[in-house]
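Asks: Encoded as structure tokens, here's the structure I'll be asking about.
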Amino acid sequence: MPATMSGDTGDALSRLVREALDRPGVTFRRLTESTVDPATGYRPGTTWLHKLVRNEVVRAPEPQVLRALAAGLGLPLLQVQRAAAAQYLDYVTTELTGLPADARAIVAHLAELDPADLPRVRAVIEALVAARAESEGVEER
């Protein structure tokens with residue numbers, strides 16, 4: 001089942017920070033103190049964080065900043081990266097949830113194929129499904 005980012009994506013990263021600040025017990029000071037890149041120890045400045053909350057940061061944050069934000073917000077890095085991509089690149093991703101990693105890898109490869117090749121891929125998948133159904137029918141006898 002596909003899951004996509006919903007709503008206006010023009011402030012997706014800023015919105016993540018504002019939503020965190022709306023949670024009970026989260027203060028700007030605590031957020032600032034916990035916003036540290038676990039890989040490098042980098043800490044975004046307080047002024048930068050204030051600008052991000054107000055959606056006034058005009059350039060996409062660097063990777064160490066996104067890692068720091070993920071740590072400070074207590075969110076998966078991938079979620080923070082997707083929000084940054086939506087806000088700064090107008091790029092919204094779609095994730096297939098509830099599928100094993102192999103299935104997601106197959107879907108990712110399908111996106112790279114020429115659309116003219118998709119009917120052949122579908123035929124292969126349908127043949128595999130039919131063969132499995134046939135073998136399961138034989139085993140039940």
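Asks: State yes or no: is Val121 in a helix (DSSP H, G or I), of a type outside the set (S, T, N, Q) and modelled with pLDDT of 95 or more?
Replies: no
Asks: Which residue pairs have Cβ atoms closer than 6 Å, lie 6 or more positions apart in sequence or on different chains, and pair a first residue in region 27-48 that is outside the structural domain of Val17 (by TED's automatic domain parsing) and within 16 Å of Leu13 (Cβ to Cβ) with a second residue that is surrounded by 13 or more Cβ atoms within 10 Å (Cβ to Cβ) and small (Gly, Ala, Ser)?
Replies: none
Here is a yes/no grid of residues against (1) surrounded by fewer than 16 Cβ atoms within 10 Å (Cβ to Cβ); (2) at pLDDT 85 or above; (3) on the phi < 0 side of the Ramachandran plot:
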position: Pro61; (1), (2), (3): no, yes, yes
position: Val65; (1), (2), (3): no, yes, yes
position: Gly72; (1), (2), (3): no, yes, yes
position: Pro76; (1), (2), (3): yes, yes, yes
position: Ala86; (1), (2), (3): no, yes, yes
position: Leu96; (1), (2), (3): yes, no, yes
position: Ala103; (1), (2), (3): yes, no, yes
position: His109; (1), (2), (3): yes, no, yes
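Asks: Which condition from (1) part of a helix (DSSP H, G or I); (2) under 20 Å from the mean Cα position of the chain (by Cα); (3) in the same structural domain as Asp22 (by TED's automatic domain parsing) is the one that Ala111 breaks?
Replies: (3) is the only condition that Ala111 fails.
For (1) among the charged types (D, E, K, R); (2) assigned to a loop (DSSP other than H, G, I, E, B), each residue gets a yes or a no:
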position: Gly10; (1), (2): no, yes
position: Arg29; (1), (2): yes, no
position: Glu33; (1), (2): yes, no
position: Arg43; (1), (2): yes, yes
position: Leu75; (1), (2): no, yes
position: Val80; (1), (2): no, no
position: Ala83; (1), (2): no, no
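Asks: Given (1) part of a helix (DSSP H, G or I); (2) at pLDDT 95 or above; (3) surrounded by 14 or more Cβ atoms within 10 Å (Cβ to Cβ), where does Asp37 come up short, assuming only one miss?
Replies: The number of the failed condition is (1).
The values are calculated or read from the model by the stated rules, or taken from the named source; none is laboratory data. Every value quoted in this text rests on a predicted model; they were computed, and no experiment measured them. Counting neighbours? That spans all protein chains shown, and the Cβs are built from the backbone with ideal geometry, glycine included.
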